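The values are calculated or read from the model by the stated rules, or taken from the named source; none is laboratory data. Note that the structure is predicted; figures quoted are calculated from it, not measured. Every residue, glycine as well, gets a Cβ built from its backbone with ideal geometry; the counts of neighbours run over all protein chains shown.
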Ligand SMILES: [Zn+2]
């Protein structure tokens with residue numbers, strides 16, 4: 001029984017991201033000057049302070065590892081009431097950025113920090129108008145992930161954790 005729709009993500013600041021997600025492609029904002037991925041999207045680079053003209057939308061691999069997760073045992077919004085207990089997660093993408101998301105196709109008891117995951121997309125509130133990037137266990141090999149050009153993850157102050 002679904003009692004209420006889930007809240008909508010903020011769409012306007014990341015329209016290219018949401019348009020791509022609807023087609024099953026995963027785009028994140030990136031700075032052309034320093035190659036930092038900017039998550040969530042911003043109006044100027046939080047690492048090198050390049051302006052909006054330096055920002056672009058770039059496709060990422062959608063592969064990463066589970067950095068951390070949390071299991072909610074109560075719903076803080078009625079739209080999630082039917083999914084308790086549910087997880088929220090932070091995934092470290094192969095390209096470096098950390099993204100807040102959920103892990104699907106995996107029992108909460110089977111979640112493990114460091115597990116390999118791959119992006120997939122789910123319809124938001126049961127419609128394909130908005131598709132959310134979520135992650136599922138990557139059951140294929142991860143040996144071919146090229147991390148040689150990977151920048152370390154940075155927080156909003158440009159520092160590495
Ligand atoms: Zn930059």
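Does region 74-84 contain any residue that is within 16 Å of the ligand (Cβ to nearest atom), touching a strand residue (DSSP E or B) at 6+ places or on another chain (Cβ under 8 Å) and either within 15 Å of residue 134 (Cα to Cα) or part of a helix (DSSP H, G or I) (or both)?
Applying the first criterion (within 16 Å of the ligand (Cβ to nearest atom)) to region 74-84 yields none.
No: zero hits.
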> Across region 22-43, which residue is nearest to the ligand (Cβ to nearest atom) among those that are over 30 Å from residue 127 (Cα atoms) and out of contact with any helix residue (DSSP H, G or I) (no Cβ under 6 Å at 6 or more places or on another chain)?
Replying inline: 34
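Table: residues versus (1) surrounded by fewer than 16 Cβ atoms within 10 Å (Cβ to Cβ); (2) in contact with a strand residue (DSSP E or B) (Cβ under 6 Å, 6 or more places away or on another chain).
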position	(1), (2)
14	no, no
20	no, yes
30	no, yes
33	yes, no
37	no, yes
>> Can you find, within region 47-69, the residue that is farthest from the ligand (Cβ to nearest atom) among those that are surrounded by 15 or more Cβ atoms within 10 Å (Cβ to Cβ) and in a loop (DSSP other than H, G, I, E, B)?
In response: 62
> Which residues, taken from region 79-100, are within 19 Å of residue 126 (Cβ to Cβ) and modelled with pLDDT of 95 or more?
Replying inline: 84, 86
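Test residue 100 against the criterion of being surrounded by fewer than 16 Cβ atoms within 10 Å (Cβ to Cβ), in a strand (DSSP E or B) and either touching a residue at least 60 places away in the same chain (Cβ under 8 Å) or over 12 Å from the mean Cα position of the chain (by Cα) (or both), and give yes or no. If you could, list the steps in order and put the result at the bottom.
Working: surrounded by fewer than 16 Cβ atoms within 10 Å (Cβ to Cβ): yes; in a strand (DSSP E or B): yes; either touching a residue at least 60 places away in the same chain (Cβ under 8 Å) or over 12 Å from the mean Cα position of the chain (by Cα) (or both): no.
Criteria not met by residue 100.
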